[in-house]
Ligand SMILES: [Zn+2]
Ligand SMILES: [Zn+2]
């Protein structure tokens, strides 16, 4: 899958926003601060209550796009998100390479954020398909992700969730494949015959 760097960063920013913890009333300001590299050094990240609500709505819409189950749903939700954006293409070589940004650096940070994530997410969906977006399959995690793997095989939001699930699946399989262990633990004073079978099975597995 070939992304341009800016576009792929923009969609990762969108995913980060959708997954951001919102327990703290100042969460949106904290989010902007944690992604300060997107903005001018002098930018202010202080948001009004109204601004926070707008960031919340944007985050909700990104999530809604990612969890959508049909193309019609995706189009609806994507268009609701795009309605919040005001793209103003802006050419720059700030990182040494000439490229386009979706938003100008001199508009308020919240407007830059909204526009960048809406455009970034839309680009990926129209170029690579909405199936590239998904929800983490790990138990107890409902973070969303964008799948940039070559064969579209991603199932987890992070390596942490992937390895946690691999370990859990391995343990579950071991339990199933080693009924001898279950016999032994369920029937401590079991018949001699069963005990022998269990021991044989256990040896075979080791
Ligand atoms: Zn750039
Ligand atoms: Zn996860």
Residue check, residue 73 against (1) within 16 Å of ligand 2 (Cβ to nearest atom); (2) free of Cβ contacts under 8 Å to residues at least 12 places away in the same chain, all met but one. Which one?
-> (1)
Of 91, 103, 85, 72, which residue is more than 28 Å from residue 162 (Cβ to Cβ), assigned to a strand (DSSP E or B) and either at pLDDT 95 or above or in the same structural domain as residue 18 (by TED's automatic domain parsing) (or both)?
-> 91
Looking across segment 132-163 at residues that are part of a helix (DSSP H, G or I) and within 13 Å of ligand 2 (Cβ to nearest atom), the single one that is farthest from residue 68 (Cα to Cα) is 163
When (1) in a helix (DSSP H, G or I); (2) out of contact with any strand residue (DSSP E or B) (no Cβ under 8 Å at 6 or more places or on another chain) are applied to residue 41, the one that fails is (1)
Set 43, 20, 28, 36: member being under 17 Å from the mean Cα position of the chain (by Cα) and under 17 Å from residue 114 (Cα atoms) | 20
Starting from residues that are free of Cβ contacts under 8 Å to residues at least 60 places away in the same chain and crowded, with 16+ Cβ neighbours inside 10 Å, keep the ones in segment 133-161 and report whichever is nearest to ligand 1 (Cβ to nearest atom).
-> 147
Among (1) under 27 Å from the mean Cα position of the chain (by Cα); (2) at pLDDT below 95; (3) assigned by TED's automatic domain parsing to the domain that holds residue 32, which single condition is residue 167 missing?
-> (3)
From 112, 127, which residue is modelled with pLDDT under 95 and assigned to a helix (DSSP H, G or I)?
-> 127
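The values are calculated or read from the model by the stated rules, or taken from the named source; none is laboratory data. Source: prediction; values computed, not measured. Glycine also receives a Cβ, built like all others from the backbone with ideal geometry; neighbour counts cover every protein chain displayed.
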